[in-house]
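Everything on this sheet refers to the single structure shown next.
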């Protein structure tokens with residue numbers, strides 16, 4: 001499914017003044033396409049991602065995943081949409097300390113009401129896809145930074161999402177590991193036909209993107 | 001409860017600490033509950049088990065009657081007024097005197113003599129003007145058997161029978177006739193004129209006009225349950241112990257609430273991530289409450305079991321009552337109050353913003 005943002009505006013009060021975090025942002029990401037969004041800190045990259053994920057409600061415009069308008073959804077319906085159709089790869093790995101690598105994936109399947117066996121099998125398969133075979137029983141403290149980020153990606157893929165939103169995935173990784181992570185994202189985007197938005201301030205990995213847009217002061221430019 | 005169980009396994013030290021607190025508080029509450037019930041039984045069981053709906057208290061002369069066994073006396077005139085009250089089915093005078101009795105082994109024991117007319121329904125078999133029926137604990141403590149003679153202020157009385165334990169103000173009860181009780185009271189010189197009895201026990205229909213009878217007879221009637229507080233020190237003793245129990249319940253709810261509040265704050269980052277991934281607030285609340293329930297069930301269950309074990313052993317030396325009310329009820333109340341504390345603590349899950357999972361700030 002296509003991800004479409006149309007005329008997105010996002011403002012919020014900051015003391016006496018009003019901050020325009022996003023201004024008339026429109027973009028379209030097709031299935032199997034990896035779109036990179038670059039820009040300096042504070043340019044509105046994370047706000048854009050939060051709006052696309054339904055974590056922030058825009059003050060103007062609409063966000064559509066396929067034919068579903070996120071801006072019209074509230075509470076449980078919005079959670080359900082994120083659970084079943086949107087994958088999020090966090091900047092920090094954001095893994096739950098008490099869960100093993102496989103359980104990080106299983107918990108989302110559990111939230112979807114899938115059986116434990118189905119969830120376990122899918123978790124093991126996805127961990128293998130991201131190169132973590134045999135490491136499903138390790139908790140985050142026994143995984144390297146790169147491995148944690150791979151679990152993070154695998155977790156985002158458990159729902160077979162139509163949209164993958166990736167927030168600075170290489171921020172905590174060295175050059176080589178960062179490159180491997182972006183390659184992995186490129187692969188899964190193509191393999192599963194996902195519309196992927198990769199937010200990054202690191203321009204070194206942009207060669208893996210199908211398209212790159214820049215954002216500055218909340219405004220998008222090709 | 002996917003995350004709940006794994007969190008407990010992962011942070012087993014913290015949960016063991018919390019569980020231990022629940023175990024200890026439950027143990028304390030069960031012990032206190034058994035002791036409260038046991039002590040109450042030692043204080044009022046003889047009154048509580050009287051076959052009457054009401055007890056009637058009187059006063060000497062024209063004094064205002066009070067709800068007190070120690071100060072109450074009733075006269076034959078008052079008995080007649082009550083017998084003639086519509087709706088009153090039966091009136092039985094009851095004499096109560098705490099005294100010391102001598103045993104054949106030359107020892108002395110405190111006991112409370114309950115004197116009733118020979119035809120009263122509460123009189124145990126074996127009671128006559130010359131013989132008494134004693135409680136089992138008195139017989140065991142003083143090694144008394146049927147046929148033994150007890151020396152009292154009113155002379156020697158034969159043990160006619162031994163019956164189940166009844167207590168009044170922490171002394172075992174000796175059952176005798178009202179005439180013998182009056183002799184005993186007269187011999188002890190308790191007042192210039194021996195009254196008919198200490199109180200009247202009344203079996204009244206619900207429609208009986210008790211207040212009219214009270215006015216006419218200058219008496220004060222109370223339900224059987226309500227008259228228990230007329231036993232000296234029962235109210236303060238029982239009230240103190242119940243207050244301790246209530247405080248322990250409150251402490252347990254607060255401790256559990258405080259622990260889970262800290263725990264919820266600590267894991268609010270995980271909650272934000274799970275919400276961002278699509279976990280509903282309901283799912284996360286259920287998970288957190290299940291976690292609390294597991295800790296409470298395990299802690300209160302263990303504490304309750306320990307309380308039963310300790311109570312069984314302690315029952316040999318202290319008045320301790322082991323019943324469903326003193327064991328299972330405290331455990332259930334503990335769990336219920338703990339869940340209230342937990343619900344208040346984990347409700348902050350509802351306010352965790354999934355947006356905080358994004359960015360580097362976590």
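For this structure, a couple of remarks:
- With respect to the stated conditions, residue A:153 is touching a residue at least 60 places away in the same chain (Cβ under 8 Å) and in contact with a helix residue (DSSP H, G or I) (Cβ under 7 Å, 6 or more places away or on another chain).
- Qualifying residue in the stretch B:311-321 (condition: closer than 30 Å to residue B:358 by Cβ, at pLDDT 90 or above, in a helix (DSSP H, G or I) and in contact with a helix residue (DSSP H, G or I) (Cβ under 9 Å, 6 or more places away or on another chain)): no
- Residue in the stretch B:348-362 that is crowded, with 21+ Cβ neighbours inside 10 Å and more than 14 Å from chain A (Cβ to nearest Cβ) present: no
- Residue, farthest from the other protein chains (Cβ to nearest Cβ), within the stretch B:272-288, restricted to residues that are over 15 Å from residue A:159 (Cα atoms) and without any contact (Cβ under 8 Å) to a residue 24 or more places away in the chain: B:282
- Number of the condition not met by residue A:169 [criteria: (1) within 14 Å of chain B (Cβ to nearest Cβ); (2) surrounded by fewer than 23 Cβ atoms within 10 Å (Cβ to Cβ); (3) in contact with a strand residue (DSSP E or B) (Cβ under 8 Å, 6 or more places away or on another chain)]: (2)
- Residue count for the stretch A:127-141 under the criterion of being assigned to a helix (DSSP H, G or I), within 14 Å of chain B (Cβ to nearest Cβ) and in contact with a helix residue (DSSP H, G or I) (Cβ under 9 Å, 6 or more places away or on another chain): the result is 1.
The rows are residues; the columns are (1) farther than 26 Å from residue B:111 by Cα; (2) without any contact (Cβ under 8 Å) to a residue 40 or more places away in the chain; (3) more than 18 Å from the chain's Cα centre (by Cα).
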| residue | (1), (2), (3) |
| --- | --- |
| B:6 | yes, yes, yes |
| B:9 | yes, yes, yes |
| B:17 | yes, yes, yes |
| B:23 | yes, no, yes |
| B:27 | yes, no, no |
| B:30 | yes, no, no |
| B:35 | no, no, no |
| B:38 | no, no, no |
| B:41 | no, no, no |
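Rundown of residues vs (1) touching a helix residue (DSSP H, G or I) at 6+ places or on another chain (Cβ under 7 Å); (2) buried (at least 21 other Cβ atoms within 10 Å of the Cβ); (3) at the interface with another protein chain (Cβ under 9 Å from one of its Cβ atoms), yes/no style:
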{"residue": "A:44", "(1), (2), (3)": "no, yes, no"}
{"residue": "A:49", "(1), (2), (3)": "no, yes, yes"}
{"residue": "A:57", "(1), (2), (3)": "yes, no, no"}
{"residue": "A:77", "(1), (2), (3)": "no, no, no"}
{"residue": "A:84", "(1), (2), (3)": "no, no, yes"}
{"residue": "A:95", "(1), (2), (3)": "yes, yes, yes"}
{"residue": "A:103", "(1), (2), (3)": "yes, yes, yes"}
{"residue": "A:108", "(1), (2), (3)": "yes, yes, yes"}
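- Residue match in the stretch A:11-20 (condition: crowded, with 23+ Cβ neighbours inside 10 Å and either at pLDDT 90 or above or more than 11 Å from chain B (Cβ to nearest Cβ) (or both)): no
- Where helices (runs of 4 or more DSSP H) sit wholly within the stretch B:1-93, those with at least 3 residues that are in contact with a strand residue (DSSP E or B) (Cβ under 8 Å, 6 or more places away or on another chain) and either crowded, with 17+ Cβ neighbours inside 10 Å or away from every other protein chain (no Cβ under 14 Å) (or both) occupy B:12-48, B:76-83.
- Per the conditions (1) in a helix (DSSP H, G or I); (2) surrounded by fewer than 19 Cβ atoms within 10 Å (Cβ to Cβ); (3) more than 9 Å from chain B (Cβ to nearest Cβ), the sole criterion not satisfied by residue A:1 is (1).
- Evaluated against (1) assigned to a loop (DSSP other than H, G, I, E, B); (2) surrounded by 21 or more Cβ atoms within 10 Å (Cβ to Cβ), residue B:338 falls short on exactly one condition, (1).
- Some residue of the stretch A:156-175 being touching a residue at least 24 places away in the same chain (Cβ under 8 Å), part of a helix (DSSP H, G or I) and farther than 25 Å from residue A:52 by Cβ: yes
- Hey, residue B:296 farther than 28 Å from residue A:80 by Cα and either part of a helix (DSSP H, G or I) or modelled with pLDDT of 95 or more (or both) or not: yes
A quick yes/no check of all residues on (1) in contact with a strand residue (DSSP E or B) (Cβ under 8 Å, 6 or more places away or on another chain); (2) over 22 Å from residue B:58 (Cα atoms); (3) touching a residue at least 60 places away in the same chain (Cβ under 8 Å):
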residue	(1), (2), (3)
B:134	yes, yes, no
B:142	yes, yes, no
B:170	no, yes, yes
B:182	yes, no, yes
B:205	yes, no, yes
B:209	no, no, yes
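- At least 2 residues being modelled with pLDDT of 90 or more and surrounded by fewer than 21 Cβ atoms within 10 Å (Cβ to Cβ) is the threshold, and among the strands (runs of 3 or more DSSP E) wholly inside the stretch B:157-250 those reaching it are B:220-223.
The values are calculated or read from the model by the stated rules, or taken from the named source; none is laboratory data. Keep in mind the model is a prediction, meaning the values are calculated, not measured. Glycine also receives a Cβ, built like all others from the backbone with ideal geometry; neighbour counts cover every protein chain displayed.
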